1. If we scan region 102-112, do we find a residue that is at pLDDT 85 or above, out of contact with any helix residue (DSSP H, G or I) (no Cβ under 8 Å at 6 or more places or on another chain), in a strand (DSSP E or B) and surrounded by 16 or more Cβ atoms within 10 Å (Cβ to Cβ)?
2. Could you look through region 164-195, keep only residues that are surrounded by fewer than 17 Cβ atoms within 10 Å (Cβ to Cβ), among the charged types (D, E, K, R) and free of Cβ contacts under 8 Å to residues at least 60 places away in the same chain, and pick out the one that is farthest from Gly115 (Cα to Cα)?
3. Among the residues of region 198-217, is any surrounded by 14 or more Cβ atoms within 10 Å (Cβ to Cβ), farther than 24 Å from Gly53 by Cα and either of a type in the set (Asp, Glu) or modelled with pLDDT of 95 or more (or both)?
4. Taking the options Val88, Val176, name whichever one is modelled with pLDDT of 95 or more and within 15 Å of Tyr194 (Cα to Cα).
5. Considering only region 110-125, state which residues are among the charged types (D, E, K, R) and within 21 Å of Gly75 (Cα to Cα).
6. Specify the residue that is nearest to Thr156 (Cα to Cα); the eligible residues are those in region 55-85 that are among the polar types (S, T, N, Q) and at pLDDT 95 or above.
7. Looking at region 135-155, can you tell me whether even one residue there is exposed (fewer than 15 other Cβ atoms within 10 Å of the Cβ), in contact (Cβ under 8 Å) with a residue 40 or more places away in the chain, more than 25 Å from Phe190 (Cα to Cα) and not small (Gly, Ala, Ser)?
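The values are calculated or read from the model by the stated rules, or taken from the named source; none is laboratory data. Please read these numbers as outputs of a predicted model, since none were measured by experiment. Virtual Cβ from ideal backbone geometry, glycine too; neighbours counted across all protein chains shown.
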Amino acid sequence: MKYTALTALLLCSASSAYAADAIIYSEPAPIIKINTFSWEGAYIGVNAGYGFGKTKETYTVGGTGHLKPRGFVGGIQAGYNWQLDQVVAGIEADFQGSSMKKSAPYYNVFDSELGYTEAKVQWFGTLRGRLGANIAERTMLYGTAGLAYGKVKYDTYNNVTDKHANHSKTRAGWTVGAGIEHAFTDKVSFKTEYLYTDLGKITLHNDPAEVAKIKTNFHTVRVGLNYKF
């Protein structure tokens, strides 16, 4: 009887040891990090940068001239984004104050100086669509295009006739550009943006015999901060 009990005890011990050896320890499942950030929603922001342009003047008396207004630009923007997977589409409006200005002489066909012209871009704004895609986590590259408007002022003076004329008017045109934006948090993002803006051509009458046609276009490079709601 003692031998039978001892044998049973040994068999149970062996079975327990075998069962322990048979346990398979698996590696823990990897933790998958899901990016929950989305560009979708409304936002407002501020921006600042530099503007530089070129105007071309053509006079009926044969004179020509070129101006390159440049200066500081700064303003505010607001918009809304929609996101589908990695593609982001949106609309944005902005308003900019501007110190872009320049004065320069203009000449006749014999390269004799006739007078001078001063150009100023006093303010401008845009209403644009944006289309972009995520190129990295929280980083979007986008293109943009739309309507532009702005107040431009021109003063011209003829040294020969002693005539002076000025023109100050809100003009409409178009704009196109591109940018890159990175979100530091779910609410705050930083962008760098380039825009080319064309505000069309104006006609300036210095006197009945001297009519100037002046075309205005300029470039802006700016940085900005946005806050998303």
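1. In the first step, residues of region 102-112 are kept if they are at pLDDT 85 or above; the result is 102.
From the residues that got through so far, the ones that are out of contact with any helix residue (DSSP H, G or I) (no Cβ under 8 Å at 6 or more places or on another chain) too are 102.
Those left that are additionally in a strand (DSSP E or B): 102.
Adding the requirement that they be surrounded by 16 or more Cβ atoms within 10 Å (Cβ to Cβ) leaves 102.
Yes.
2. Filtering first and then ranking leaves Lys187.
3. Yes, region 198-217 has at least one match.
4. On the way: Val88 fails: within 15 Å of Tyr194 (Cα to Cα).
Selected residue: Val176, the only one of Val88, Val176 that is modelled with pLDDT of 95 or more and within 15 Å of Tyr194 (Cα to Cα).
5. Lys120
6. That would be Gln77.
7. For region 135-155, residues exposed (fewer than 15 other Cβ atoms within 10 Å of the Cβ), in contact (Cβ under 8 Å) with a residue 40 or more places away in the chain, more than 25 Å from Phe190 (Cα to Cα) and not small (Gly, Ala, Ser): absent.
Matching residues to (1) within 12 Å of the chain's Cα centre (by Cα); (2) polar (S, T, N, Q); (3) in a strand (DSSP E or B):
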| site | (1), (2), (3) |
| --- | --- |
| Asn134 | no, yes, yes |
| Gly143 | yes, no, yes |
| Leu147 | no, no, yes |
| Tyr157 | no, no, yes |
| Val160 | no, no, no |
| Ile180 | yes, no, yes |
| Asp186 | no, no, no |
| Ser189 | no, yes, yes |
